[in-house]
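Here the structure comes first, spelled out in structure tokens, and everything after it is commentary.
Read-outs throughout are calculated quantities, based only on the coordinates presented, and are distinct from any laboratory measurement. All of these numbers come straight from a predicted model, not from anything done at the bench. Note that each Cβ is placed from the backbone with ideal geometry, even for glycine, and that neighbours are counted across all protein chains shown.
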2 protein chains.
Amino acid sequence: MRTRSRPRIKDVAELAGVSPALVSFALNAKPYVGKSARERIERAVSQLGYRPNIVAQSLRKRRTGIIGLVLSDIANPFFPEIARGIEETARKHGFNVILSNTDADPTQEKNSIEILLSRQIDGLIITSARSTDNLNEYLREDCPVVLVNRDPFPGMFDFVGIDNVSSARKAVHHLAELGHRKIAFVEGESASPASFGRYEGYKVALKKMGISLSEKYVRIGHLKYEGGYRAMNSFWEDSSRPTAIFCANDMMALGVIDACADRGIRVPQDVAVVGFDDMWVASLKNVQLTTIHQPRYEMGAKAVELMMERIMGKREEIRRVMLPAELVVRGTCGETLRNEVYRAGGKDGQEREARHDRMG
Amino acid sequence: MRTRSRPRIKDVAELAGVSPALVSFALNAKPYVGKSARERIERAVSQLGYRPNIVAQSLRKRRTGIIGLVLSDIANPFFPEIARGIEETARKHGFNVILSNTDADPTQEKNSIEILLSRQIDGLIITSARSTDNLNEYLREDCPVVLVNRDPFPGMFDFVGIDNVSSARKAVHHLAELGHRKIAFVEGESASPASFGRYEGYKVALKKMGISLSEKYVRIGHLKYEGGYRAMNSFWEDSSRPTAIFCANDMMALGVIDACADRGIRVPQDVAVVGFDDMWVASLKNVQLTTIHQPRYEMGAKAVELMMERIMGKREEIRRVMLPAELVVRGTCGETLRNEVYRAGGKDGQEREARHDRMG
DNA sequence: TTGTACGCGTTATCAA
DNA sequence: TTGATAACGCGTACAA
């Protein structure tokens, strides 16, 4: 049995003996509302349990207070922390977030974005866009767009990410300094500018260390666990056996490590492995993956900050924000087993703790 | 420079030489719209790039097509797959999802729900509600509620979850069958009915196997990694050394395992460990955690199905749906190292693969 | 097939 | 300064 429909502003106005407009003014803390009227209105509001209808507000104000978040799959461990940063920061600014998964399907992505625009969202955040996406279409839309993690069309949209080239360079440089000369690379996917940047960094580091680049040490793993697993097997079967493997993400590194386990190859004694992302699994004692830490929460939070500047009309020019990404040395690169180097304090500390929390 | 504001239905009507009402009929595939008019309308729509304003639609139709999803923290590895199941299924039904994190803070939760109700959401899904939450308040609201994972007030709301008692019983029974008599339990938190159910199952299994319950084998780990870590240390320091440890979730099991690693205790040779949830980490070769598989994607999907029945007014009575949760035997319980038992095929297969995917 | 009221607040105009 | 009235945002539903 449904209860009576929700009270409207008119009901409040009648109960308080004023006009609806005055109720609106009072609720929006506008000036020029008499004290006695204000009090009667407040009483009426709480008596009726009145809550303004945000849909009606949105229609009139031409602002919904909703940000659309488009990503391929929230169940992919890379995204949840970004989403967290986005949602929490948006909420602090009085915005809500609509989540939309695209399965990395361009058609699906287009559909999602169309619907979000129909919903009159105030801003659109797209994470891990690919160069094959037709984002140009949305340039003309009256809705600010911020990209996170990947920037397939640099200079066209606001962007938050990290410097993939220099981060990858750091990782490979570290391996080289440990004495490795046969350093392999497991690439992600070609449509990902992030993955491509990491390949660049790999090449730059090799060059700087005087190591010649060889195709036989490069595989594509499509950013997936299975891809890393296959890449590792492929290295061994081709007898192109590297002593170190740098992977464009942690997922592939885990695949590499598991392939090693199946073949009885010891990590790091026989092969050093380095990943990229610093998923929370990486810090488990049974994993101890050396990797590049991506500040995912902060990426999300910063994306919303950029979005707010746009929504408030405070900025016109495109901004590209690069957050620091640091090498986290753990066990799999063979230097210091079970030694974890983290920069201390700050938001990052909180974040780490939150990661190990879970409700059952 | 903003482009012209988006076209309205009036613009389409004028261009097509018909009334706005007819455009509305045509777009909503209502019958009795003349062929020529229909064609002119379609042309006008595509020429102007018209998209109906869903906010206006929502106001008039008294339906927003939005489902609110309230959870403590999307970055907590337990939730993303549930969220995925919810979002994907909702999308298939033409609904969008607003995501709201509460940090398990009742005040924050209340705020979130109030705002969602103000947004006139058509349904509310709450995952991992606690007995301390004041959900009763929302019973009177004109908005269907479905709970997922935890059901603090059985019979008051629709619910989707698993049978925690029998699942836990299965896990403990398995350990007992392997010969263990000193089986410890690391509990989650008292406000969680799910965690409580697992404790019940633990006790039932012990009784059935003729093992007496002892307080010294029970600890509280608050569902966190650190809690599991501390619990394990506590067992050893108290000299109350169990030969097997059943944890109310995987996160705590990982903490237990890491504590073992730090103390040189071998898993499973010295201590068998069993978790609960089957997070994707559990299947890594370096983890191999025996655990109870929770069909999280399906829980989310089913929650939306229940919600749709409510929204369509097809059902009045409360439903409690219990999905099957199975024991997945891996390495940490010592029976069969590196043997993974999964039921084959079905949605679950897809899900597993998706889990190992990630965009970089 | 069209005119018009309506959903529910906000904002501009006007009156006291 | 304080308040009321009416138009408006944009589609939809119903009577005509």
Sort A:L59, A:L175 by Cβ crowding within 10 Å, fewest neighbours at the top. A:L59, A:L175
Taking only Cα atoms and a 10 Å spring cutoff, compute GNM fluctuations for chain A and point out the largest among A:G34, A:G221, A:G161. A:G34
Under a Gaussian network model of chain A whose springs join Cα atoms within less than 10 Å, the largest fluctuation of A:G85, A:G264, A:G275 belongs to A:G264
Using a 10 Å cut-off around each Cβ of peptide A:80-92, what is the average number of partner chain Cβ atoms that fall inside? 4
In whole Hz and in residue order, list the ³J(HN,Hα) couplings for segment B:210-224 that follow from phi through the Karplus curve 6.51 cos²θ - 1.76 cosθ + 1.60, θ = phi - 60°; x for Gly and Pro. x, 9, 7, 6, 10, 4, 5, 9, 10, 9, 9, x, 6, 6, 10
Show me the GluC sites (Glu not before Pro) within segment B:210-265 that DSSP assigns to loop and that have at most 14 other Cβ atoms within 10 Å of their Cβ. none
Given contacts defined as C-alpha pairs under 8 Å and at least six residues apart, what's the relative contact order of segment B:64-205, whole-number percent? 21 percent
When the helices in chain A are scored as -39500 (n - 2.57) per DSSP H run of 4 or longer and the sum is shared across all residues, what 222 nm value do you end up with, to the nearest 500 deg cm²/dmol? -12500 deg cm²/dmol
Of every Cα-Cα pair in segment A:12-96, the percent that sits beyond 18 Å: 59 percent
Taking the Cβ of each residue in A:C333, B:C247, A:C143 as the centre, tally the other Cβ atoms inside 10 Å and list the residues starting with the fewest. A:C143, A:C333, B:C247
Taking the Cα centroid of segment B:61-92 and of segment B:262-276, what is the distance between the two, rounded to the nearest whole Å? 36 Å
Using mean Cβ contacts within 10 Å as the protection proxy, how do B:252-259, B:310-317 order, highest first? B:252-259, B:310-317
Going by amide H atoms built from the backbone, whose H comes under 5 Å of the H on B:V148, apart from near neighbours? B:I126, B:T127, B:S128, B:A129, B:V160
Residues whose placed amide H lies under 5 Å from that of A:C247, excluding near-sequence neighbours: A:V186, A:V274, A:G275
Long-range amide H partners of B:L323, meaning residues 5 or more apart or on another chain whose placed amide H is closer than 5 Å, are B:G161, B:I162, B:D163
Might you report the magnitude of the Cβ-based charge dipole of the protein assembly as shown about its Cα centre, with Lys and Arg at +1 and Asp and Glu at -1, to the nearest 20 debye? 1860 debye
The orientation-averaged projected area of the Cα convex hull of chain B, in nm², is 23.4 nm²
Mean other chain Cβ within 10 Å across B:270-281 is 2
Least to most buried among A:M156, B:M251, A:M279, by other C-beta atoms within 10 Å and fewest first, runs A:M156, A:M279, B:M251
Given charges of +1 on the Cβ of Lys and Arg and -1 on the Cβ of Asp and Glu, with all other atoms neutral, how large is the dipole of chain A about its Cα centre, in debye to the nearest 20? 1320 debye
Partners for A:K170 among aspartates and glutamates (Cα-Cα distance below 13 Å; same-chain residues under 8 apart left out): A:E200, A:E326
Just want the answer: with Cβ charges of +1 for Lys and Arg and -1 for Asp and Glu, which residue in B:A75, B:V145, B:A29 is farthest toward the dipole's positive end in chain B? B:A29
Which one, A:R62, A:R150, A:R130, has the greatest fluctuation when you compute a Gaussian network model over chain A with C-alpha springs under 10 angstrom? A:R62
How well do other chains shield peptide B:51-61, expressed as the mean number of their Cβ atoms within 10 Å of each residue Cβ? 6
Have a look at B:Q47, A:L284, A:V165 and report the one farthest towards the positive end of the charge dipole of the protein assembly as shown, computed about the Cα centre with Cβ charges (Lys/Arg +1, Asp/Glu -1). B:Q47
If a/c stays under 1.5 just call it rounded; otherwise compare a/b with b/c (prolate if a/b is bigger, oblate if not). Do that for segment A:205-327, with a ≥ b ≥ c from the square roots of the Cα gyration tensor eigenvalues. prolate
Under Karplus coefficients 6.51, -1.76 and 1.60, residue-wise ³J(HN,Hα) of segment A:267-273 in Hz, glycine/proline x: 10, x, 4, 8, 9, 8, 10
Integer Hz, Karplus 6.51/-1.76/1.60 couplings in order for segment B:134-151, x for Gly and Pro: 8, 6, 3, 3, 8, 4, 7, 5, 7, 8, x, 10, 10, 9, 10, 6, 10, 10
Teacher prompt: B:I318 distances to equivalent labels in other copies, 7 Å Cα→Cβ, nm: 5.6
Can you list, shortest first and in nm, the gaps between the label point of A:N111 and those of its counterparts in the other copies, using a point 7 Å from Cα in the C-beta direction? 3.6
At q = 0.11 Å⁻¹, work out log10 I(q)/I(0) for segment A:164-263 with the Debye formula, treating every Cα as an identical point scatterer and leaving solvent out; two decimals please. -0.27
If you put a point 7 Å past Cα along the Cβ direction, how far is that point for A:E137 from the same point in each other copy, in nm, smallest first? 4.2
